[in-house]
Amino acid sequence: MIIGSGPAGYTASIYTTRAGIKSILIEGLQPGGQLTTTTTIENFPGFPDGIDGFQLMDNMRAQAVNVGADVRSGLVTAIDLSQRPFIATLDGGAQIAADTVIVATGASAKYLGLDDEKKYAGQGVSACATCDGFFYRRKVVAVVGGGDTACEEAHYLSNLCSKVYMIVRKNYLRASAAMQKRVMEKDNIEILFETNTVGLFGDNGVEGAHLVRGRGTDHEETLDIAIDGFFLAIGHQPNTAFLGGQLDLDEQGYIVTQAPGTATSVEGVFAAGDVADPHYRQAIAAAGTGCRAAIDAEHYLNRQ
Ligand code: NDP
């Protein structure tokens, strides 16, 4: 059983199916995973002009299905790794028994942890510019974060919105030089460095954000900005809750694998993609570990 339908899951599915293993892939809440909410992907080899993220994942799914993979919708809510075969429970109650499991559940967007993020959820707070940006055409928005995701989202929004603030807690961007350049070249993106968000306000959805600049320094100041949308782009949290603590995780919550292989702390369970990757977190890296997990699972089954 392969749990998850990002590049890692589909690649594992293609490899296991072609190896003659009966494998079932459970797609999860967001079929296709994180790439379905991004725009053009220019760094996945094989597409000289780039490829739309949704299209890339649709292609991977089609390729898996074409080689005979059993791709099923559903969400694995719990799994019992203490017995063989392993037993997974899906939403709706169905159970699936599997001799080996590949966990490829990826990661989900992080939030700052402000009460106001919950208060305004769906009313101006979003963690996906490509999903929700359309609602903010010709409006003013803020993107929190200074990494590649934040730059990509700010750039995307700058083509729709009248103005985009980037709220960056350090005095520099962590993003790659190429992404930084893209952002710097846009007249309607304003970067607020050394700035943290402490709250949101508005009677009718988000109307603004309370910010603190230079927190803890002698030039600390508070300021409010008027915005219609507040986008989080501060990284991701690996999706491991359904495992119920049965696999060893690192201090950030990523599944620990026995590199260079994909074996986890439970024999017969392998992990691939972002759920086990605190370092690279790239689509091509996820696809690569999906391939490795499939080969590791195949060898494991052969040994049994
Ligand atoms: P990153 O971890 O790279 O960046 C997160 C950003 O959010 C940092 O600027 C960080 O600040 C900030 N941040 C984190 N927590 C908080 C907080 N509580 N309050 C305020 N700011 C916060 O995550 P990304 O999602 O941007 O990228 C993940 C990986 O995916 C990276 O390896 C990236 O290169 C890759 N990626 C590549 C793309 C591409 O190649 N086109 C596109 C998107 C992602 P600080 O710097 O202070 O820690």
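Here are the numbers for the structure shown:
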{"quantity": "Ordering of 132-142, 246-256 by burial proxy (mean other Cβ atoms within 10 Å per residue, highest first)", "calculated": "132-142, 246-256"}
{"quantity": "In order through the stretch 193-199: 3J(HN,Hα) via Karplus (6.51 cos²θ - 1.76 cosθ + 1.60), integer Hz, x for Gly, Pro", "calculated": "7, 6, 10, 10, 8, 10, x"}
{"quantity": "Hydrodynamic radius by Kirkwood, which averages 1/r over all alpha carbon pairs of the stretch 210-287, in angstrom", "calculated": "15.7"}
{"quantity": "Selected from V143, V71, V266 as most flexible by GNM, with the chain as the system and alpha-carbon contacts under 10 Å", "calculated": "V266"}
{"quantity": "Volume of the Cα convex hull of the stretch 140-186, divided per residue and given in Å³", "calculated": "59"}
{"quantity": "Under the Karplus curve 6.51 cos²θ - 1.76 cosθ + 1.60, θ = phi - 60°, whole-Hz ³J(HN,Hα) for the stretch 57-71, x wherever Gly or Pro sits", "calculated": "5, 4, 5, 5, 4, 4, 5, 5, 5, 5, 8, x, 5, 9, 9"}
{"quantity": "Net charge of Cβ neighbours under 13 Å - reference E221; Lys, Arg +1; Asp, Glu -1", "calculated": "-2"}
{"quantity": "Free-standing Cys, the chain [no other Cys Cβ under 4.7 Å]", "calculated": "C151, C161, C291"}
{"quantity": "Sorted by Cβ neighbour density within 10 Å, fewest at the top, the residues S73, S23", "calculated": "S73, S23"}
{"quantity": "Highest-fluctuation residue, I167, I102, I225 considered, GNM on the chain with Cα pairs under 10 Å", "calculated": "I225"}
{"quantity": "Descending semi-axes in Å of the chain, equivalent ellipsoid built from Cα gyration tensor", "calculated": "39, 20, 17"}
{"quantity": "Estimated FRET transfer efficiency (Q258, E220; beta-carbon r; R0 51 Å; 0.05)", "calculated": "0.65"}
{"quantity": "Förster radius 22 Å - calculated FRET efficiency between E207 and R174 (Cβ-Cβ, nearest 0.05)", "calculated": "0.15"}
{"quantity": "The stretch 115-232: relative contact order in percent, alpha carbon pairs under 8 Å with at least 6 residues between", "calculated": "29"}
{"quantity": "Relative contact order for the chain, counting Cα pairs under 8 Å that sit 6 or more residues apart, in percent", "calculated": "21"}
{"quantity": "Of G268, G113, G74, the one that fluctuates the most in a GNM where the chain has Cα springs shorter than 10 Å", "calculated": "G113"}
{"quantity": "For the stretch 115-232, convex hull of alpha carbons as volume per residue, Å³", "calculated": "93"}
{"quantity": "Chain lengthening between S162 and R137 when straightened (0.36 nm per residue, less Cα-Cα)", "calculated": "8.3 nm"}
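Every number in this text was worked out from the coordinates using simple rules, so none of it is lab data. Owing to the predicted nature of the structure, the values given are computational and were not obtained by experimental measurement. Virtual Cβ from ideal backbone geometry, glycine too; neighbours counted across all protein chains shown.
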